[in-house]
Amino acid sequence: MSRSARALLALACWTAAAAAGWWWHRPPALATPAVPVSANDVSPAPDPRLHSPQAMAARVAAADPLGLKSAAPATMGLPGTPGPGTAPGAESTWRLAALVVRDNESYAVLTSGSQVPLRLHVGDLLPDGDRIKSIQPGHIEIQSPRGLRRTLYLIEP
């Protein structure tokens, strides 16, 4: 038998095996026939004013997902001081959690396990006394009371 005849025979066997497998494992028929959608069932097109980036940002800011607008209880003390339930003399560990830079608003969010998240703008003091000098989309620049400047990245470069 020639090489091309063997190739055609192999192709025919594979085709027959595939067809038999499809026939044997055929998906079951639908229980009910599909009903066409009527014109009354079609929902209207979404309003582009509701789905614009500005509208979405306004809805997220209004929802306050991080709890930044809620006031801290009077017993919480100043940033960097221990929260309720911590041992006396223990200091909180603050972490840079988020940076928001949009239109004319920019702020950094610092979190601690024992305190309410802090929302800090340019010029505000950090819990350790450093001052925020600038807020960029990926980092903030801070200056210590002695004038030493450093950069904190949200994600290390």
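Details
- Using R0 = 25 Å, the C-beta based FRET efficiency linking E156 and K133 works out to 0.80.
- Near the amide H of A97, within less than 5 Å, lie the amide hydrogens of V109, L110, T111, all on another chain or at least 5 residues away, with H placed in the peptide plane.
- Stretching D47 away from L11 to a fully extended chain increases their span by 7.5 nm, per 0.36 nm per residue minus the current alpha-carbon distance.
- Spin-label pair R146/A55, simplified geometry with 7 Å Cα→Cβ offset, distance in nm: 5.4 nm
- Two-site FRET efficiency, H121 against H25, from Cβ-Cβ distance with R₀ of 41 Å, rounded to 0.05: 0.05
- Solvent exposure of H25, expressed as accessible area, is near 140 Å², computed with a probe of 1.4 Å over the protein chains only.
- Extension gain (nm, one decimal) between R3 and V100, 0.36 nm per residue minus Cα-Cα: 28.1 nm
The values are calculated or read from the model by the stated rules, or taken from the named source; none is laboratory data. From a predicted model like this one, the values you see are computed outputs, not experimental measurements. In this analysis, Cβ positions are derived from the backbone assuming ideal geometry, glycine residues included, and neighbour counts consider all displayed protein chains. In case anyone asks, the SASA skips ligands and DNA or RNA and just uses the protein heavy atoms, side chains included. Shrake-Rupley method; radii C 1.70, N 1.55, O 1.52, S 1.80 Å.
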